[in-house]
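This report refers to the structure that appears directly beneath it.
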Amino acid sequence: MRKFVMAALGGTVAGIVATTQVAGPLLAEESARSSNVYEQLDLFGDIFERIRSQYVEPVDDTKLIEAAINGMLTSLDPHSSYLSPDDAAAMRVQTRGEFGGLGIEVTQQDGYVKVVSPMDGTPAAQAGIEAGDFITHVNGESVLGLTLDQAVEMMRGPVGSEIVITVVREGEEEPFDVTITRDTIKLTAVRARTEGSSVVLRVTTFNDQTTPNLESGLAEQIKAAGGIDKINGIVLDLRNNPGGLLNQAIKVSDSFLDSGEIVSTRGRNPADGERFNATPGDLAEGKPIVVLINGGSASASEIVAGALQDHHRAIVVGTKSFGKGSVQTVMPLRGDGAMRLTTARYYTPSGRSIQALGVSPDIVVEQPRRAAEPATEDPTRPRARSEADLRGRLTNDSLTEDEIRQIEADRAKAEAAARLRDEDYQLAYAIDILKGLSVISTENTGQ
(Lines give C-alpha, C1' and ligand atoms only; values in the text may rest on other atoms or scores of the structure.)
Protein backbone atom coordinates (compact mmCIF):
# COMPACT_ATOMS: atom_id res chain seq x y z
CA MET A 1 0.00 0.00 0.00
CA ARG A 2 2.83 2.35 0.86
CA LYS A 3 4.44 1.61 -2.52
CA PHE A 4 1.15 2.44 -4.31
CA VAL A 5 0.77 5.77 -2.50
CA MET A 6 4.36 6.69 -3.24
CA ALA A 7 3.88 5.76 -6.90
CA ALA A 8 0.75 7.87 -7.10
CA LEU A 9 2.48 10.76 -5.41
CA GLY A 10 5.42 10.39 -7.75
CA GLY A 11 3.03 10.50 -10.70
CA THR A 12 1.46 13.67 -9.38
CA VAL A 13 4.83 15.34 -8.90
CA ALA A 14 5.91 14.25 -12.38
CA GLY A 15 2.67 15.67 -13.80
CA ILE A 16 3.35 19.01 -12.13
CA VAL A 17 6.89 19.07 -13.50
CA ALA A 18 5.68 18.16 -17.02
CA THR A 19 2.99 20.84 -16.92
CA THR A 20 5.53 23.38 -15.81
CA GLN A 21 7.90 22.36 -18.58
CA VAL A 22 5.17 22.85 -21.26
CA ALA A 23 3.43 25.93 -19.86
CA GLY A 24 6.64 27.74 -19.02
CA PRO A 25 7.81 28.29 -22.64
CA LEU A 26 4.26 29.23 -23.71
CA LEU A 27 4.00 31.89 -21.03
CA ALA A 28 7.44 33.16 -21.88
CA GLU A 29 6.53 33.35 -25.58
CA GLU A 30 3.31 35.23 -24.82
CA SER A 31 5.19 37.60 -22.53
CA ALA A 32 7.82 38.25 -25.21
CA ARG A 33 5.07 38.89 -27.79
CA SER A 34 3.31 41.39 -25.52
CA SER A 35 6.60 43.10 -24.78
CA ASN A 36 7.31 43.41 -28.51
CA VAL A 37 3.85 44.94 -29.12
CA TYR A 38 4.42 47.55 -26.42
CA GLU A 39 7.85 48.34 -27.89
CA GLN A 40 6.24 48.89 -31.29
CA LEU A 41 3.58 51.15 -29.76
CA ASP A 42 6.32 53.12 -28.03
CA LEU A 43 8.05 53.42 -31.41
CA PHE A 44 4.81 54.73 -32.96
CA GLY A 45 4.57 57.30 -30.16
CA ASP A 46 8.16 58.41 -30.74
CA ILE A 47 7.57 58.85 -34.49
CA PHE A 48 4.30 60.69 -33.89
CA GLU A 49 6.00 63.16 -31.55
CA ARG A 50 8.93 63.67 -33.95
CA ILE A 51 6.51 64.48 -36.79
CA ARG A 52 4.55 66.90 -34.60
CA SER A 53 7.64 68.77 -33.46
CA GLN A 54 10.05 68.57 -36.41
CA TYR A 55 8.09 68.19 -39.68
CA VAL A 56 8.69 71.08 -42.06
CA GLU A 57 5.09 72.28 -41.72
CA PRO A 58 2.54 72.10 -38.89
CA VAL A 59 0.46 68.94 -39.03
CA ASP A 60 -3.12 68.19 -37.99
CA ASP A 61 -2.92 65.63 -35.17
CA THR A 62 -6.31 64.12 -36.00
CA LYS A 63 -5.50 63.63 -39.67
CA LEU A 64 -2.13 62.15 -38.76
CA ILE A 65 -3.69 59.53 -36.49
CA GLU A 66 -6.47 58.76 -39.02
CA ALA A 67 -3.81 58.23 -41.68
CA ALA A 68 -1.94 55.84 -39.39
CA ILE A 69 -5.12 53.88 -38.63
CA ASN A 70 -6.05 53.73 -42.33
CA GLY A 71 -2.54 52.60 -43.24
CA MET A 72 -2.81 49.74 -40.76
CA LEU A 73 -6.13 48.62 -42.23
CA THR A 74 -5.27 49.02 -45.91
CA SER A 75 -2.11 46.95 -45.40
CA LEU A 76 -4.39 43.96 -44.73
CA ASP A 77 -6.27 43.81 -48.05
CA PRO A 78 -7.77 46.20 -50.65
CA HIS A 79 -11.20 46.23 -48.99
CA SER A 80 -10.39 47.04 -45.35
CA SER A 81 -10.18 50.73 -44.47
CA TYR A 82 -10.93 53.45 -41.96
CA LEU A 83 -13.96 55.63 -42.57
CA SER A 84 -13.84 59.16 -41.21
CA PRO A 85 -17.12 60.52 -39.80
CA ASP A 86 -17.89 62.14 -43.18
CA ASP A 87 -17.05 58.96 -45.11
CA ALA A 88 -19.12 56.83 -42.74
CA ALA A 89 -22.11 59.13 -43.21
CA ALA A 90 -21.67 59.03 -47.01
CA MET A 91 -21.56 55.23 -46.96
CA ARG A 92 -24.82 55.05 -45.00
CA VAL A 93 -26.44 57.32 -47.58
CA GLN A 94 -25.08 55.18 -50.44
CA THR A 95 -26.65 52.00 -49.11
CA ARG A 96 -30.00 53.82 -49.24
CA GLY A 97 -29.47 54.36 -52.97
CA GLU A 98 -28.61 58.06 -53.45
CA PHE A 99 -25.24 59.78 -53.23
CA GLY A 100 -22.98 62.26 -55.00
CA GLY A 101 -20.10 61.34 -57.29
CA LEU A 102 -19.12 59.83 -60.65
CA GLY A 103 -20.96 56.51 -60.37
CA ILE A 104 -18.10 54.00 -60.40
CA GLU A 105 -17.18 51.16 -58.07
CA VAL A 106 -13.41 50.93 -57.72
CA THR A 107 -10.71 48.81 -56.13
CA GLN A 108 -6.91 49.04 -56.10
CA GLN A 109 -4.45 46.99 -58.10
CA ASP A 110 -0.72 47.52 -58.62
CA GLY A 111 -0.98 50.90 -56.93
CA TYR A 112 -3.57 52.22 -59.39
CA VAL A 113 -7.33 52.57 -59.12
CA LYS A 114 -9.15 49.85 -61.07
CA VAL A 115 -12.77 50.23 -62.12
CA VAL A 116 -14.85 47.28 -60.97
CA SER A 117 -17.86 48.62 -62.82
CA PRO A 118 -19.60 51.82 -63.88
CA MET A 119 -23.15 52.10 -62.60
CA ASP A 120 -26.01 52.36 -65.08
CA GLY A 121 -27.17 55.85 -65.96
CA THR A 122 -24.38 57.62 -64.06
CA PRO A 123 -21.89 60.22 -65.38
CA ALA A 124 -19.11 57.59 -65.54
CA ALA A 125 -21.23 55.19 -67.62
CA GLN A 126 -22.34 57.99 -69.94
CA ALA A 127 -18.71 59.07 -70.42
CA GLY A 128 -17.78 55.57 -71.60
CA ILE A 129 -15.88 54.29 -68.55
CA GLU A 130 -15.68 50.47 -68.67
CA ALA A 131 -15.12 47.69 -66.17
CA GLY A 132 -11.40 46.87 -66.02
CA ASP A 133 -10.22 50.41 -66.80
CA PHE A 134 -7.30 51.69 -64.74
CA ILE A 135 -7.38 55.29 -63.50
CA THR A 136 -3.83 56.61 -63.29
CA HIS A 137 -4.33 60.37 -62.86
CA VAL A 138 -7.05 62.67 -61.54
CA ASN A 139 -6.93 66.20 -62.93
CA GLY A 140 -3.34 65.54 -64.00
CA GLU A 141 -2.21 64.34 -60.57
CA SER A 142 -0.99 60.74 -60.26
CA VAL A 143 -2.84 58.38 -57.92
CA LEU A 144 0.16 56.04 -57.67
CA GLY A 145 1.19 55.65 -54.05
CA LEU A 146 -2.13 56.84 -52.64
CA THR A 147 -4.47 54.67 -50.62
CA LEU A 148 -7.77 53.80 -52.26
CA ASP A 149 -9.66 56.16 -49.97
CA GLN A 150 -7.26 59.00 -50.81
CA ALA A 151 -7.73 58.38 -54.53
CA VAL A 152 -11.51 58.27 -54.12
CA GLU A 153 -11.37 61.52 -52.15
CA MET A 154 -9.60 63.15 -55.14
CA MET A 155 -12.50 62.16 -57.38
CA ARG A 156 -15.12 63.68 -55.10
CA GLY A 157 -16.31 67.22 -55.51
CA PRO A 158 -19.33 69.49 -55.84
CA VAL A 159 -22.21 68.35 -58.03
CA GLY A 160 -21.89 70.02 -61.44
CA SER A 161 -18.10 70.37 -61.32
CA GLU A 162 -15.86 68.73 -63.93
CA ILE A 163 -13.12 66.20 -63.37
CA VAL A 164 -10.57 64.85 -65.85
CA ILE A 165 -9.40 61.29 -65.27
CA THR A 166 -6.64 59.55 -67.20
CA VAL A 167 -7.55 56.01 -68.21
CA VAL A 168 -5.44 53.02 -69.27
CA ARG A 169 -7.55 50.43 -71.08
CA GLU A 170 -6.64 47.00 -72.38
CA GLY A 171 -6.53 47.09 -76.18
CA GLU A 172 -5.72 50.81 -76.28
CA GLU A 173 -2.11 51.68 -77.05
CA GLU A 174 -2.01 54.97 -75.14
CA PRO A 175 -3.65 56.35 -71.99
CA PHE A 176 -6.45 58.81 -72.70
CA ASP A 177 -8.30 61.51 -70.76
CA VAL A 178 -12.01 61.42 -69.98
CA THR A 179 -13.87 64.51 -68.76
CA ILE A 180 -16.79 63.77 -66.44
CA THR A 181 -19.25 66.13 -64.78
CA ARG A 182 -20.01 65.13 -61.21
CA ASP A 183 -23.67 64.59 -60.38
CA THR A 184 -25.98 63.27 -57.70
CA ILE A 185 -26.13 59.53 -58.22
CA LYS A 186 -29.67 58.21 -57.87
CA LEU A 187 -29.60 54.49 -58.34
CA THR A 188 -32.63 52.57 -59.49
CA ALA A 189 -31.70 49.22 -58.04
CA VAL A 190 -33.76 47.16 -60.52
CA ARG A 191 -35.11 48.05 -63.95
CA ALA A 192 -37.69 45.66 -65.39
CA ARG A 193 -38.84 45.33 -69.00
CA THR A 194 -40.09 42.67 -71.41
CA GLU A 195 -38.26 41.67 -74.58
CA GLY A 196 -40.48 39.47 -76.72
CA SER A 197 -41.81 36.92 -74.22
CA SER A 198 -38.89 37.23 -71.79
CA VAL A 199 -38.80 39.44 -68.70
CA VAL A 200 -35.46 41.21 -68.25
CA LEU A 201 -34.55 42.26 -64.71
CA ARG A 202 -31.54 44.58 -64.77
CA VAL A 203 -30.11 44.67 -61.22
CA THR A 204 -27.61 47.53 -60.93
CA THR A 205 -26.75 47.36 -57.22
CA PHE A 206 -27.68 45.63 -53.98
CA ASN A 207 -29.04 48.23 -51.59
CA ASP A 208 -32.16 48.55 -49.44
CA GLN A 209 -34.29 49.07 -52.57
CA THR A 210 -33.18 45.99 -54.49
CA THR A 211 -35.58 43.27 -53.36
CA PRO A 212 -38.69 45.49 -53.26
CA ASN A 213 -37.82 46.86 -56.73
CA LEU A 214 -37.29 43.35 -58.09
CA GLU A 215 -40.56 42.01 -56.69
CA SER A 216 -42.66 44.94 -57.90
CA GLY A 217 -40.93 45.13 -61.30
CA LEU A 218 -41.41 41.42 -62.01
CA ALA A 219 -45.05 41.55 -60.89
CA GLU A 220 -45.76 44.50 -63.21
CA GLN A 221 -44.21 42.76 -66.23
CA ILE A 222 -46.10 39.51 -65.57
CA LYS A 223 -49.36 41.43 -65.22
CA ALA A 224 -48.72 43.37 -68.45
CA ALA A 225 -47.98 40.10 -70.28
CA GLY A 226 -51.30 38.61 -69.16
CA GLY A 227 -50.00 36.21 -66.52
CA ILE A 228 -47.00 34.02 -65.74
CA ASP A 229 -47.99 31.54 -68.47
CA LYS A 230 -47.49 34.24 -71.10
CA ILE A 231 -43.74 34.63 -70.41
CA ASN A 232 -41.09 32.07 -71.33
CA GLY A 233 -38.58 32.95 -68.62
CA ILE A 234 -36.49 35.60 -66.89
CA VAL A 235 -33.12 37.15 -67.67
CA LEU A 236 -31.44 38.35 -64.47
CA ASP A 237 -28.88 40.85 -65.72
CA LEU A 238 -26.07 41.31 -63.16
CA ARG A 239 -23.46 42.70 -65.55
CA ASN A 240 -21.39 45.57 -64.13
CA ASN A 241 -23.13 45.16 -60.78
CA PRO A 242 -20.44 45.84 -58.14
CA GLY A 243 -22.41 44.26 -55.29
CA GLY A 244 -23.57 45.82 -52.05
CA LEU A 245 -25.48 44.46 -49.08
CA LEU A 246 -25.10 40.76 -48.26
CA ASN A 247 -28.66 40.47 -46.95
CA GLN A 248 -30.02 41.76 -50.27
CA ALA A 249 -28.02 39.18 -52.23
CA ILE A 250 -29.53 36.50 -50.01
CA LYS A 251 -33.07 37.85 -50.51
CA VAL A 252 -32.71 38.08 -54.31
CA SER A 253 -31.42 34.50 -54.46
CA ASP A 254 -34.24 33.36 -52.17
CA SER A 255 -36.75 34.99 -54.54
CA PHE A 256 -36.06 32.21 -57.09
CA LEU A 257 -35.24 29.26 -54.79
CA ASP A 258 -37.61 27.09 -52.76
CA SER A 259 -35.04 25.44 -50.51
CA GLY A 260 -31.36 24.75 -49.94
CA GLU A 261 -28.34 26.77 -48.95
CA ILE A 262 -27.76 30.16 -50.59
CA VAL A 263 -24.36 31.10 -49.19
CA SER A 264 -22.15 30.41 -46.20
CA THR A 265 -19.54 32.61 -44.56
CA ARG A 266 -16.44 31.40 -42.74
CA GLY A 267 -14.26 33.65 -40.66
CA ARG A 268 -11.16 33.25 -38.55
CA ASN A 269 -13.09 31.45 -35.81
CA PRO A 270 -14.98 28.41 -37.17
CA ALA A 271 -17.69 28.99 -34.56
CA ASP A 272 -18.51 32.35 -36.20
CA GLY A 273 -19.43 30.78 -39.53
CA GLU A 274 -22.98 31.27 -40.82
CA ARG A 275 -25.21 29.53 -43.33
CA PHE A 276 -28.14 31.18 -45.06
CA ASN A 277 -30.89 29.00 -46.51
CA ALA A 278 -33.74 29.63 -48.93
CA THR A 279 -37.36 29.68 -47.83
CA PRO A 280 -40.32 28.28 -49.82
CA GLY A 281 -41.60 30.47 -52.65
CA ASP A 282 -40.32 31.09 -56.19
CA LEU A 283 -41.40 34.38 -57.79
CA ALA A 284 -40.80 32.87 -61.24
CA GLU A 285 -42.91 29.79 -60.46
CA GLY A 286 -40.32 27.49 -61.99
CA LYS A 287 -39.89 29.42 -65.23
CA PRO A 288 -36.34 29.12 -66.63
CA ILE A 289 -33.81 31.78 -65.66
CA VAL A 290 -30.66 33.01 -67.40
CA VAL A 291 -28.19 35.03 -65.32
CA LEU A 292 -25.91 37.44 -67.19
CA ILE A 293 -22.50 38.26 -65.66
CA ASN A 294 -19.23 39.86 -66.75
CA GLY A 295 -15.96 41.11 -65.28
CA GLY A 296 -17.82 43.94 -63.57
CA SER A 297 -20.09 41.58 -61.60
CA ALA A 298 -18.70 41.42 -58.07
CA SER A 299 -19.44 40.46 -54.48
CA ALA A 300 -23.22 40.25 -53.95
CA SER A 301 -23.71 39.65 -57.70
CA GLU A 302 -21.43 36.63 -57.47
CA ILE A 303 -23.36 35.28 -54.48
CA VAL A 304 -26.60 35.34 -56.51
CA ALA A 305 -25.03 33.89 -59.66
CA GLY A 306 -23.21 31.18 -57.69
CA ALA A 307 -26.29 30.17 -55.70
CA LEU A 308 -28.59 29.89 -58.73
CA GLN A 309 -25.87 28.09 -60.70
CA ASP A 310 -25.11 25.53 -57.97
CA HIS A 311 -28.80 24.72 -57.53
CA HIS A 312 -29.18 24.35 -61.33
CA ARG A 313 -31.90 26.97 -61.12
CA ALA A 314 -30.34 29.18 -63.77
CA ILE A 315 -28.00 29.07 -66.73
CA VAL A 316 -25.15 31.54 -66.22
CA VAL A 317 -24.08 33.31 -69.42
CA GLY A 318 -21.40 35.91 -70.17
CA THR A 319 -17.80 36.16 -69.01
CA LYS A 320 -15.99 35.39 -65.74
CA SER A 321 -16.99 37.61 -62.84
CA PHE A 322 -14.69 39.84 -60.79
CA GLY A 323 -13.84 37.43 -57.97
CA LYS A 324 -14.50 39.36 -54.76
CA GLY A 325 -15.33 36.58 -52.34
CA SER A 326 -14.83 38.35 -49.01
CA VAL A 327 -17.22 39.88 -46.50
CA GLN A 328 -16.61 43.33 -45.01
CA THR A 329 -18.15 44.26 -41.68
CA VAL A 330 -18.61 47.96 -40.93
CA MET A 331 -17.91 48.56 -37.25
CA PRO A 332 -18.86 51.93 -35.68
CA LEU A 333 -16.05 53.66 -33.80
CA ARG A 334 -15.95 56.48 -31.29
CA GLY A 335 -16.25 59.91 -32.79
CA ASP A 336 -18.82 58.78 -35.43
CA GLY A 337 -16.16 57.16 -37.60
CA ALA A 338 -16.21 53.51 -38.66
CA MET A 339 -13.91 50.67 -39.60
CA ARG A 340 -14.54 48.50 -42.64
CA LEU A 341 -12.84 45.20 -41.88
CA THR A 342 -12.71 41.97 -43.88
CA THR A 343 -14.08 39.40 -41.44
CA ALA A 344 -14.97 36.35 -43.55
CA ARG A 345 -14.93 34.64 -46.92
CA TYR A 346 -18.16 33.52 -48.50
CA TYR A 347 -18.82 30.19 -50.22
CA THR A 348 -21.42 29.05 -52.72
CA PRO A 349 -23.76 26.14 -51.84
CA SER A 350 -21.31 23.62 -53.33
CA GLY A 351 -18.52 24.93 -51.07
CA ARG A 352 -16.71 26.97 -53.73
CA SER A 353 -14.83 30.08 -52.68
CA ILE A 354 -15.07 32.76 -55.34
CA GLN A 355 -12.19 34.80 -53.93
CA ALA A 356 -9.84 35.81 -56.78
CA LEU A 357 -11.43 33.16 -59.05
CA GLY A 358 -14.89 34.53 -59.78
CA VAL A 359 -17.94 32.70 -61.12
CA SER A 360 -17.35 30.89 -64.40
CA PRO A 361 -20.35 31.08 -66.74
CA ASP A 362 -21.95 27.89 -68.04
CA ILE A 363 -21.81 29.44 -71.51
CA VAL A 364 -19.04 31.92 -72.27
CA VAL A 365 -20.34 34.77 -74.44
CA GLU A 366 -18.18 37.81 -75.08
CA GLN A 367 -19.77 41.17 -75.74
CA PRO A 368 -18.33 42.25 -79.11
CA ARG A 369 -17.14 45.82 -79.44
CA ARG A 370 -19.39 47.95 -81.57
CA ALA A 371 -18.23 47.77 -85.18
CA ALA A 372 -18.02 50.75 -87.50
CA GLU A 373 -21.29 51.63 -89.19
CA PRO A 374 -21.55 50.09 -92.69
CA ALA A 375 -22.01 52.34 -95.66
CA THR A 376 -25.67 53.13 -96.21
CA GLU A 377 -27.37 52.10 -99.40
CA ASP A 378 -28.61 54.60 -101.97
CA PRO A 379 -32.30 54.99 -101.09
CA THR A 380 -33.11 56.07 -104.64
CA ARG A 381 -31.88 52.78 -106.08
CA PRO A 382 -34.77 50.31 -106.40
CA ARG A 383 -34.19 46.83 -105.07
CA ALA A 384 -36.47 43.81 -104.70
CA ARG A 385 -35.77 42.31 -101.28
CA SER A 386 -38.15 39.35 -101.57
CA GLU A 387 -40.80 37.79 -103.78
CA ALA A 388 -43.38 39.94 -102.00
CA ASP A 389 -41.76 43.07 -103.46
CA LEU A 390 -42.23 41.91 -107.07
CA ARG A 391 -45.09 43.33 -109.10
CA GLY A 392 -47.54 40.72 -110.39
CA ARG A 393 -46.49 38.11 -107.86
CA LEU A 394 -48.70 35.10 -107.14
CA THR A 395 -50.64 35.16 -103.88
CA ASN A 396 -50.20 32.52 -101.17
CA ASP A 397 -53.25 30.29 -101.33
CA SER A 398 -52.32 27.88 -98.53
CA LEU A 399 -52.83 30.24 -95.58
CA THR A 400 -55.72 32.24 -94.20
CA GLU A 401 -55.40 35.97 -93.58
CA ASP A 402 -55.16 35.33 -89.83
CA GLU A 403 -52.33 32.85 -90.34
CA ILE A 404 -50.49 35.30 -92.58
CA ARG A 405 -50.87 38.03 -89.95
CA GLN A 406 -49.48 35.65 -87.32
CA ILE A 407 -46.48 34.85 -89.50
CA GLU A 408 -45.85 38.53 -90.08
CA ALA A 409 -46.09 39.20 -86.31
CA ASP A 410 -43.60 36.39 -85.60
CA ARG A 411 -41.31 37.80 -88.27
CA ALA A 412 -41.49 41.24 -86.65
CA LYS A 413 -40.46 39.69 -83.31
CA ALA A 414 -37.54 37.92 -84.99
CA GLU A 415 -36.41 41.17 -86.59
CA ALA A 416 -36.65 42.94 -83.23
CA ALA A 417 -34.48 40.18 -81.74
CA ALA A 418 -31.96 40.67 -84.54
CA ARG A 419 -31.80 44.41 -83.77
CA LEU A 420 -31.26 43.59 -80.09
CA ARG A 421 -28.36 41.35 -81.15
CA ASP A 422 -26.66 44.40 -82.63
CA GLU A 423 -27.34 46.51 -79.53
CA ASP A 424 -26.62 43.93 -76.80
CA TYR A 425 -25.34 40.59 -78.03
CA GLN A 426 -25.12 38.95 -74.60
CA LEU A 427 -28.71 39.85 -73.69
CA ALA A 428 -29.98 38.65 -77.08
CA TYR A 429 -28.10 35.36 -76.53
CA ALA A 430 -29.77 34.94 -73.12
CA ILE A 431 -33.22 35.56 -74.61
CA ASP A 432 -32.51 33.04 -77.40
CA ILE A 433 -31.72 30.44 -74.71
CA LEU A 434 -35.09 31.08 -73.05
CA LYS A 435 -36.82 30.74 -76.42
CA GLY A 436 -35.13 27.40 -77.00
CA LEU A 437 -36.02 26.13 -73.53
CA SER A 438 -39.60 27.27 -74.07
CA VAL A 439 -39.87 25.31 -77.33
CA ILE A 440 -38.51 22.15 -75.71
CA SER A 441 -40.87 22.53 -72.75
CA THR A 442 -43.87 23.01 -75.01
CA GLU A 443 -43.01 19.95 -77.11
CA ASN A 444 -42.47 17.77 -74.03
CA THR A 445 -45.83 18.75 -72.55
CA GLY A 446 -47.58 18.16 -75.88
CA GLN A 447 -48.97 21.67 -76.08
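The values are calculated or read from the model by the stated rules, or taken from the named source; none is laboratory data. Keep in mind it's a predicted model, so treat the numbers as computed, not measured. Glycine also receives a Cβ, built like all others from the backbone with ideal geometry; neighbour counts cover every protein chain displayed. In case anyone asks, the SASA skips ligands and DNA or RNA and just uses the protein heavy atoms, side chains included. Shrake-Rupley method; radii C 1.70, N 1.55, O 1.52, S 1.80 Å.
Listing for the model above:
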quantity	calculated
Cα-Cα pairs of the range 257-371 separated by more than 19 Å (percent)	52 percent
Residue-level accessible surface for Met72, protein heavy atoms, 1.4 Å, Å²	120 Å²
Cα gyration tensor category, rounded, prolate or oblate, for the range 255-294 with a/c compared to 1.5	oblate
Efficiency of FRET from Cβ geometry, Glu401 and Arg266, R₀ 45 Å, rounded to 0.05	0.10
Violating pairs (Cα-Cα greater than 24 angstrom) within the set Lys63/Lys186; Lys223/Lys251; Lys324/Lys435; Lys230/Lys435; Lys186/Lys435; Lys186/Lys230	Lys63/Lys186; Lys324/Lys435; Lys186/Lys435; Lys186/Lys230
Three-way shape call for the range 120-189 based on the alpha-carbon gyration tensor, with the a/c threshold at 1.5	oblate
Reciprocal mean inverse distance between Cα atoms of the range 220-271 - Kirkwood radius, Å	14.3 Å
For the range 169-244, share of DSSP beta bridges that run antiparallel, in % to the nearest 5	50 percent
Local electrostatic count at Asp87 - Lys and Arg +1, Asp and Glu -1, tallied over other residues with Cβ under 12 Å	-2
